[in-house]
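Accompanying notes for the structure given below.
The values are calculated or read from the model by the stated rules, or taken from the named source; none is laboratory data. Just so you know, these numbers come straight off a predicted model, no measurement behind them. Glycine also receives a Cβ, built like all others from the backbone with ideal geometry; neighbour counts cover every protein chain displayed.
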Amino acid sequence: MKTILRRSLSGAAVFALAAALWTARADDQQPNMSFAQPDAGVSVDANAPLAGAPDPNALTRVVQLVNDTLEIVDRPTIRMNACVMEDGFNFVDSAALQTYRSRHAVLSHEITSARAEELFGVLAAERHIPFRYPDDGCYARAHEMSRILEINGVYSRKVWIFGDLHAATPYGPPFGAEGSVDWGWHVAPVVSVRQPNGTVQDMVIDPSLETAPVTYDTWRARMTSDRCPIVAVEASGGQGCSAYYTERFTYMTDSDPHATAWSNADLSASNQTMADYLQIQHQRGF
């Protein structure tokens with residue numbers, strides 16, 4: 001019930017609440033980054049057994065390099081003792097770590113259409129993100145996608161839309177052709193994409209609704225016939241439907257819309273939310 005109530009807040013109430021709460025969360029905005037820095041040529045053996053007797057069914061979330069793209073996957077913990085941790089990520093080998101370091105140094109603020117489509121496919125295939133439970137948890141899905149975009153060297157923001165939203169989806173009750181979901185608000189990552197004609201356009205990445213990156217207007221039209229103009233976050237919450245951008249670090253509607261760093265508490269909440277909803281997704285047979 002708590003989540004449902006938070007998702008039904010109006011834009012005005014959201015921003016008022018954010019103004020009151022984000023200062024109290026400020027001390028939490030800087031994650032602990034005191035991880036050991038391995039040598040550039042570190043050799044990682046992902047098959048070496050852990051000391052002691054770990055649970056063979058336990059999983060560890062790791063970053064691996066697949067076809068020149070960094071992906072996040074869950075692997076058996078018993079095989080992960082040699083992973084190298086940096087910036088809160090477990091890198092399965094030196095190739096993944098060095099790719100992350102080179103791409104993370106300077107984030108790309110523009111990517112090609114081909115790269116956007118490639119990254120959409122990577123994100124949509126992430127099995128630990130419950131895209132087939134669209135009822136709730138968009139904030140956790142968007143947070144994790146933003147993190148994966150970042151480790152691949154891509155700058156993203158988030159677009160938040162508020163209103164009387166309704167979206168047809170086979171993964172919403174009663175499922176199949178008649179399935180749908182209703183929201184008071186929704187959020188997804190946005191990347192800037194250079195089009196073949198040379199123009200740059202913001203594209204929304206939302207595998208819970210779409211099969212490819214789409215413009216804001218296309219994304220919005222999936223949920224409402226209202227125009228829902230994008231406004232400054234401070235001006236949001238008027239009558240009718242509206243939307244605004246925040247930085248990628250903003251986790252929830254009551255978070256600081258101008259946050260400049262990942263919050264450990266938010267990352268933990270995001271992981272737990274995804275795990276909880278993934279169970280429901282599986283119970284539904286998806």
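Considering segment 150-171, the residues that are farther than 29 Å from residue 105 by Cβ and not in a strand (DSSP E or B) include one that is farthest from the chain's Cα centre (by Cα), namely 170. On the basis of being surrounded by 17 or more Cβ atoms within 10 Å (Cβ to Cβ), under 18 Å from the mean Cα position of the chain (by Cα) and modelled with pLDDT of 90 or more, does residue 131 make the cut? Yes; evaluated as a whole, the condition is true for this residue. Residues that are closer than 25 Å to residue 199 by Cα and either buried (at least 17 other Cβ atoms within 10 Å of the Cβ) or of a type in the set (Asp, Glu) (or both) do not occur anywhere in segment 79-100. Of everything in segment 268-284, what is out of contact with any His (no Cβ under 7 Å at 6 or more places or on another chain) and closer than 16 Å to residue 147 by Cα? Give them in sequence order. 268, 269, 271, 272, 273 - these are the residues of segment 268-284 that are out of contact with any His (no Cβ under 7 Å at 6 or more places or on another chain) and closer than 16 Å to residue 147 by Cα. A search for C-beta distances below 9 Å between a residue of segment 273-286 that is outside any helix (DSSP H, G or I) and any residue that is hydroxyl-bearing (Ser, Thr, Tyr), counting only pairs 6+ apart in sequence or on different chains, returns 284/133; 284/171; 286/133; 286/171. Whenever a residue of segment 100-119 is farther than 11 Å from residue 191 by Cβ, its partners that are aromatic (Phe, Trp, Tyr), lying with C-beta atoms within less than 9 angstrom and at least six residues away or across chains, give the pairs 100/89; 100/91. What do you reckon, is residue 224 outside any loop (DSSP other than H, G, I, E, B), closer than 29 Å to residue 112 by Cα, in the same structural domain as residue 118 (by TED's automatic domain parsing) and of a type in the set (Val, Ile, Thr)? Considered against the rule, which asks whether it is outside any loop (DSSP other than H, G, I, E, B), closer than 29 Å to residue 112 by Cα, in the same structural domain as residue 118 (by TED's automatic domain parsing) and of a type in the set (Val, Ile, Thr), residue 224 comes out as no. Here residue 266 qualifies as touching a Phe, Trp or Tyr at 6+ places or on another chain (Cβ under 7 Å) and not in a loop (DSSP other than H, G, I, E, B).
For every residue, the table says whether it meets (1) more than 20 Å from residue 225 (Cα to Cα); (2) among the aromatic types (Phe, Trp, Tyr); (3) modelled with pLDDT under 95; (4) assigned to a loop (DSSP other than H, G, I, E, B).
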| residue | (1), (2), (3), (4) |
| --- | --- |
| 139 | yes, yes, no, no |
| 142 | yes, no, no, no |
| 148 | yes, no, yes, no |
| 198 | yes, no, yes, yes |
| 206 | no, no, no, yes |
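Return the residues of segment 172-194 that are aromatic (Phe, Trp, Tyr) and either more than 19 Å from the chain's Cα centre (by Cα) or exposed (fewer than 15 other Cβ atoms within 10 Å of the Cβ) (or both); say none if nothing qualifies. 175 - this is the single residue of segment 172-194 that is aromatic (Phe, Trp, Tyr) and either more than 19 Å from the chain's Cα centre (by Cα) or exposed (fewer than 15 other Cβ atoms within 10 Å of the Cβ) (or both). A single entry from 74, 136, 87 fulfils the requirement of being touching a residue at least 60 places away in the same chain (Cβ under 8 Å) and either within 18 Å of residue 267 (Cβ to Cβ) or touching a Ser or Thr at 6+ places or on another chain (Cβ under 7 Å) (or both): 136.
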